[in-house]
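Below: the structure, in structure tokens.
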Amino acid sequence: MNHYETVFILNPVLSDTQIEETVKKFEDFLINKGAKMVSKENWGLKKLAYPIQHKKSGFYHLFEFTVDGQAITPYELEFRRDERIMRFLTVKLDKHAISWAERRRTKLKTKA
């Protein structure tokens, strides 16, 4: 089981219901592939550094999870097939990135 992190940007014209459905779709996809969700974060609507599909903002979401490496290719294929997704990035975390992510989550919990 490898530790991964995915950040994806949703189209800003989606309703709250559509956003929830899309996030739930990708979370369920991972769980069906045997993933264990470590963390989910909704970063909200953010301004993009450059226009993507003529849009200047997007809804950012972060998933941190552990799963077998063979599940990543079909997972990313689902992102490519979904027109609601503007961009995505999946990164395999090493031990230093995992410890940094744990510290970041702890800091977020203390702020809340």
Per the filter on the range 7-35, residues charged (D, E, K, R) and either at pLDDT below 95 or over 14 Å from the mean Cα position of the chain (by Cα) (or both) are Asp16, Lys33
Restricting the range 35-73 to residues that are of a type in the set (S, T, N, Q) and in contact (Cβ under 8 Å) with a residue 24 or more places away in the chain, the one surrounded by the fewest Cβ atoms within 10 Å (Cβ to Cβ) turns out to be Gln53
Original post:
Does Val13 qualify as being closer than 23 Å to Thr106 by Cβ and either open to solvent by 90 Å² or more (accessible area, probe 1.4 Å) or of a type in the set (A, V, I, L, M, F, W, C) (or both)?
Top reply: no
Here is a check on your reading of the model: is Gln18 open to solvent by 20 Å² or more (accessible area, probe 1.4 Å), over 25 Å from Ile98 (Cα atoms) and part of a helix (DSSP H, G or I)?
yes
The condition from (1) part of a loop (DSSP other than H, G, I, E, B); (2) out of contact with any Gly (no Cβ under 7 Å at 6 or more places or on another chain) that Pro12 misses is numbered (2)
For the range 81-112, the count of residues that are assigned to a helix (DSSP H, G or I) and either open to solvent by 100 Å² or more (accessible area, probe 1.4 Å) or under 23 Å from Ala71 (Cβ atoms) (or both) equals 14
For the range 76-102, pairs from a residue that is among the acidic types (Asp, Glu) to a residue that is open to solvent by less than 60 Å² (accessible area, probe 1.4 Å) and outside any strand (DSSP E or B), with Cβ under 8 Å and 6 or more apart or across chains, are Glu78/Phe26; Glu78/Phe29; Asp82/Thr22; Glu83/Asn11
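The values are calculated or read from the model by the stated rules, or taken from the named source; none is laboratory data. Bear in mind that the values here come from a model prediction, so they are computed numbers and not experimental data. Backbone-built Cβ (ideal geometry, glycine too); neighbour counts: all protein chains shown. SASA here: full protein model, heavy atoms, side chains in, ligands and nucleic acids out. Shrake-Rupley method; radii C 1.70, N 1.55, O 1.52, S 1.80 Å.
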